[in-house]
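Here the structure is laid out as C-alpha cells; the discussion comes afterwards.
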Amino acid sequence: HTGQTAWWPLLQDNTSGGPVEEFFARMRSRYLLMNVGVAVAVALFMGRNPPDWRFMVTFLWGAGALVAGGASVRRVAEMPFCPPEIGLPQRLWRAAAVPSIRRYITFAAARAFVLVLFVPFWVMILKSRGLSEGFIVWLAAVAALGNVAFVRRWGRFVNRFNFRPALTICLLGEAALALAWLLLPSGEGSLKIWAILFHAAWGVLEGGYLMGWTRAMLGSVPSTIQADGFALATFLCSGIGALT
C-alpha cells in the first residue's frame, strides 16, 4: 500500500490528456493474462495438501517478481517533482478539503469495508466443502479470464457513458452474486462447476468495476496534489480494511 502513493501519480502522469480506458484495457489484459498463467502454474505446483516448503518457494517467487517490477519502473516517465513546502499532516488536511477527494474516499472506503468483511471466508467455505488448495488457487485464473474477456468492452462503455453507470451496474451485480452462496452445492463435481461459474461472473463484474473505479480515482485527485490525494485515499481505505 505504501507503493500506491507513487503508483497512481505515475499512472496519472502517463495517461493525462484524453480518454484513458483503451490504455487501461490493454494494460489490464496483459496483466490478467499473466495472472492466469501464474495462477495455473501455482495451482499445479501446490497440488493437494502441499508441504510447507512449496509455500515458501511460492512466496520467494512472488518476492522476486516484486523486486523485478520495482527495478523496471525506473524506465517509466514522470512529471517534474516539486518538493513540498509544508509538512505531511498539513498536506493531507489540504487534500481532505477537496470535495472530489472526500467523495471518492467515502465510496472506496465503504467498498473496502464490505470486501474485507466477507471475501476471506470464500476460501474457508470452499475448502471446508472439500476443494483442494490447488483448485482454489486455480479459481483466480477463472476470475482473471472472466475479467479479461470483457475488459475492452467495459473500457468502451466507460468512454461512452463515464464511470458512474459502470460502477452502478457492477456493484449491483456483485451484490446479487451474494445470493449464489445460498445455493452452494455439497457434491464435489457440482461444487467445482458452481465455483467456476461464480468466479467467472465475479471476474466479469470486477473488470467493469475496476475500469470505472480507476477513472473515478484518477479524476478525483487534482494533478497539483497527486501524492497527497492518493496517499490520503490509500491510508483511509487501508485503515478501514485493517479495522474490519
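The values are calculated or read from the model by the stated rules, or taken from the named source; none is laboratory data. Since this is a predicted model, take the numbers as computed values, not measurements. Neighbour counts are summed over all protein chains in view; Cβ atoms, including those assigned to glycine, are modelled from backbone coordinates with ideal geometry. Keep in mind that these areas ignore ligands, DNA and RNA; they rest on the heavy atoms of the full protein, side chains included. Shrake-Rupley method; radii C 1.70, N 1.55, O 1.52, S 1.80 Å.
Overview of results
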quantity	calculated
The stretch 39-54, subset open to solvent by 40 Å² or more (accessible area, probe 1.4 Å) and either in a loop (DSSP other than H, G, I, E, B) or touching a helix residue (DSSP H, G or I) at 6+ places or on another chain (Cβ under 8 Å) (or both), residue modelled with the lowest pLDDT	R48
Inter-residue pairs, beta-carbon under 9 Å, first of a type in the set (S, T, Y) and in the stretch 199-211, second buried (at least 23 other Cβ atoms within 10 Å of the Cβ), 6+ apart	Y209/W154; Y209/A166
Selected residue [under 30 Å from L131 (Cα atoms), touching a Leu at 6+ places or on another chain (Cβ under 8 Å) and assigned to a helix (DSSP H, G or I)] from W181, W194, W213	W194
Residues located in the stretch 188-218, provided they are among the aromatic types (F, W, Y), open to solvent by less than 30 Å² (accessible area, probe 1.4 Å) and more than 23 Å from V158 (Cα to Cα)	F198
Condition met for G134 (more than 15 Å from I193 (Cα to Cα) and modelled with pLDDT under 85)	yes
Residue satisfying all of: in the stretch 63-112; assigned to a loop (DSSP other than H, G, I, E, B) and open to solvent by less than 100 Å² (accessible area, probe 1.4 Å); farthest from P222 (Cα to Cα) among these	V76
L32 vs. criteria open to solvent by less than 30 Å² (accessible area, probe 1.4 Å) and not charged (D, E, K, R)	yes
Filter pass, A176 being more than 26 Å from M46 (Cα to Cα), open to solvent by 40 Å² or more (accessible area, probe 1.4 Å), part of a helix (DSSP H, G or I) and small (G, A, S)	yes
